[in-house]
Structures are given as structure tokens and as C-alpha cells.
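Notes for the one structure printed next.
The values are calculated or read from the model by the stated rules, or taken from the named source; none is laboratory data. On a predicted model such as this, the values are computed, not experimentally measured, just so you know. Here the Cβ is made from the backbone with ideal geometry for all residues, glycine too, and neighbour counts use every protein chain on show. For the accessible areas, the whole protein counts, side chains as well, though only heavy atoms, and no ligand, DNA or RNA atoms are used. Shrake-Rupley method; radii C 1.70, N 1.55, O 1.52, S 1.80 Å.
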Amino acid sequence: MSRLRRKMFILLFIFIIIVSMFIMAAFLNSPGRLTPLKDTQGNIIPGSVSEKVWIDINGIKQGMFIRGQDIQNPVLLYLHGGPGTPLFQFISYLEKEERLERYFTVCYWDQRGAGMTYDKSTDPTTMTVDQLVEDTREVTEYLKSRFGQNKIYLLGHSWGSYLGVKTIEKYPENYLAYIGIGQVSNQKESERLAYQYILSRAKQMNDKDVIEKLEIYDPYADDFPQLDYLVKGRTAILNKYGIGHLHQGVTSWDILKSLFVFKGYTVTEKINWFLGADFSMIHLFPGLLEDDLFLSSVKFEVPFYITQGAHDYMVSQVLAEKYAEACEAPKKEFILFEDSAHSPNMEEPEKFIEVMRRIALENPLEE
């Protein structure tokens, strides 16, 4: 065997070993079930719940994770963002000693077309906000029935804040309070504001790579923002400048790593996470862009809270504050997190939990 062929054989062998190890690690990290909730000493908390649940919702099987240290605590339904990108795996990856599940039983639901709920047989015509509002109601009824509570709290993050607004508007009787994180209001205008800011900042920094990526787009074009701009350019740039998912900065690798080590999904469900993200964006995001909540949704019968990062350009902090001012509700409050961007619940968890506990005290469970 020639020296060149021997080297090629060795390299191929090493490559096969690395790939095999990666596949093995992927399966070992993907049993498809949650670990029990434990205290700081590593002991399982008696009476706690930490489980993966599947239920039939309006014609399709949908999955969710439910965690809480005491099932007598109030229930909180967490509507993920995207559309199509559940981030419970990232939330748990960043989790510290103090967690929301100490005070609430939290349901992290993978919405229709997203995460483990994604199925290639899902009819695209059912991917509408009206359908997802009905799905949200069904999940809410399940949680109310299972935990014996007449009303629950509804929390929406990013796209989930849009879905949350539409849900409390139609079914206010189900909710003690609504909490928006990274609150959507007029997303088309929000995207324009973000584009102008990052282009200006890139020019100040002489960031030629970002300038080149941005200048091919016209923020005032009828079709702005295009999906390729959102997926290939905007999100990575926002994260690079600390005004996207996290203010301290986050890379795609951080999110990928959290998904890789997350034990709640099987390998197939992790693959479906990516497929669902594309599927949901294609079918749901255009409708989001066409709706201006300043015009369509400003009157609510539910206490209304917005928690927003001061550095959030993924969903404009400026517009979110104006939206809070425009809304009418029995109670309303805009709460600014000075050291956060799009995810104050992950960036300033202690303060966020304090806010959530106060909201629960102001709007307690009904006997």
C-alpha cells in the first residue's frame, strides 16, 4: 500500500470513528424523557412533577413538557416564540438555582408544526393563528382539568406573545393574567427599526461584512423582511451585537449545543425541531407581519403585563412600550429589564421570577 493511500485510509478511519462517537453521543443524550426535579443537594423533590406529555389537540398529537416543584402551585402556560422554535431546552440549559418552577407548575408546549409536535403530514392550511388560538385553548383546558384550577396564567415569548394576545382577546375567562416577553406589536415596523439600527452601528464600527449583507435589502420594500434576510442575516447580526436573543451575546452554536445535550427529545424529535422551525416560519410569519396590534388588539379583559429587555431589537423595545401605553386592561404594566435583550427570563432570571411572583400575588388563584 502506497504512503498516500495509507494516509487516506487512516484519515477515513479517524473520520468514521469521530462520526460514530458523535452518533453514539447523540443517542445517549436523547432518551426522550425529562430528568426529575432535584434540590441543591441533588435529591428528587417530593411531590414535584417533571414529565413529557402527549395529548390529542384538534386533530393532531401534540407534545409538551410539564415541570413544577409543587402541583398545588398555580399553573403557567408558556407559549414559545419563532414561530416554530420552542426553547425549553435552552431555558433549562441556562437554568440556575432559582427557577420559575419553584412557584409555578409550568407547561412548555411545542405548538402545532413545531418541535416534537412537528409532523410532515400536518396540513399547511391549518397553520394559522386562528387554529393556534384554538389549540392554546385546548391545552389550557387540559391544564385546568388536570391540576384542578379554574384559571391559569398565560405567558407568551416573542411570536408566543402575539399568539397570547390573540388568545386572551378571544378567551379571557381562562386566564388570571397575561405576561408578554419580547412583546410583538407591529413586527414589520419593528424589523425596519432593527435594520436601520444595525446598519448604522455596522457603519460606525466599519463592519464591512455586515454592511455588505444588509445593503442588498430595502427596508421599505413591500416584501421586507424576506425570509432569507431573517434566517441568513438578521438574527445572526442581532446576536453578534448583543441585541438579539441575549444581550451578553449568543451564537447559533450555543443553541445547538443546548439542543444536543437536552434529554427531553429523542434524536428524531431533535431533527424535527429544525424541520418545524422552517415549516412554521414559512406558514405563520407572513401573517404576523401583516397584523398591526395597535389597530387590531388593544382592549383586554385580563390583567396585562409586558416584560421587555432594554436592548431588544429582535422585537422593538420602543414599540412594545408604546403598545403597553395604548392597551386597555383591568391592570397593565410595562416592566423594563436593563441588562437584557430579547429574553429577560433567561438573562435576568432572579428579577424575572420576582416579577412573576408579584404578578401572581396581584392576581391570585380563585378559590
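Looking only at region 281-338, which residues are in a strand (DSSP E or B) and more than 17 Å from the chain's Cα centre (by Cα)?
If the condition is that a residue be in a strand (DSSP E or B) and more than 17 Å from the chain's Cα centre (by Cα), then 292, 299, 304, 305, 328, 332, 333, 334, 335, 336, 337 are the ones that fit.
Can you spot a residue in region 347-363 that is out of contact with any Phe, Trp or Tyr (no Cβ under 6 Å at 6 or more places or on another chain), under 20 Å from residue 101 (Cα atoms), modelled with pLDDT of 95 or more and assigned to a loop (DSSP other than H, G, I, E, B)?
Yes, because at least one residue in region 347-363 is out of contact with any Phe, Trp or Tyr (no Cβ under 6 Å at 6 or more places or on another chain), under 20 Å from residue 101 (Cα atoms), modelled with pLDDT of 95 or more and assigned to a loop (DSSP other than H, G, I, E, B).
Looking only at residues that are among the hydrophobic types (A, V, I, L, M, F, W, C) and touching a Leu at 6+ places or on another chain (Cβ under 8 Å) in region 67-97, which one is surrounded by the fewest Cβ atoms within 10 Å (Cβ to Cβ)?
Ranking the qualifying residues of region 67-97, first place goes to 90.
Among the candidates 257, 270, 263, which residue alone is open to solvent by 70 Å² or more (accessible area, probe 1.4 Å), among the basic types (Lys, Arg) and outside any loop (DSSP other than H, G, I, E, B)?
Criteria check complete, one pass: 257.
Which of the following residues is surrounded by 15 or more Cβ atoms within 10 Å (Cβ to Cβ), out of contact with any His (no Cβ under 7 Å at 6 or more places or on another chain) and over 23 Å from residue 189 (Cα atoms): 303, 330?
303
Scan region 294-315 and give yes if some residue there is of a type in the set (Ser, Thr, Tyr), closer than 20 Å to residue 225 by Cβ, modelled with pLDDT of 95 or more and in contact with a helix residue (DSSP H, G or I) (Cβ under 7 Å, 6 or more places away or on another chain), otherwise no.
Yes, that holds for at least one residue.
Would you point out which residue out of 204, 226 is of a type in the set (S, T, N, Q), open to solvent by 10 Å² or more (accessible area, probe 1.4 Å), more than 18 Å from the chain's Cα centre (by Cα) and more than 19 Å from residue 288 (Cβ to Cβ)?
204
Need the failing condition index for residue 55 against (1) in contact with a helix residue (DSSP H, G or I) (Cβ under 7 Å, 6 or more places away or on another chain); (2) open to solvent by 10 Å² or more (accessible area, probe 1.4 Å); (3) assigned to a helix (DSSP H, G or I), just the number.
Here residue 55 meets the rest and fails (3).
Tell me whether region 110-130 contains one or more residues that are among the basic types (Lys, Arg), open to solvent by 10 Å² or more (accessible area, probe 1.4 Å), farther than 24 Å from residue 257 by Cα and not in a loop (DSSP other than H, G, I, E, B).
The answer is no, given that none of the residues of region 110-130 is among the basic types (Lys, Arg), open to solvent by 10 Å² or more (accessible area, probe 1.4 Å), farther than 24 Å from residue 257 by Cα and not in a loop (DSSP other than H, G, I, E, B).
Just name the residue that is nearest to residue 302 (Cα to Cα) out of those in region 131-156 that are outside any helix (DSSP H, G or I) and open to solvent by 10 Å² or more (accessible area, probe 1.4 Å).
Among them, the one singled out is 151.
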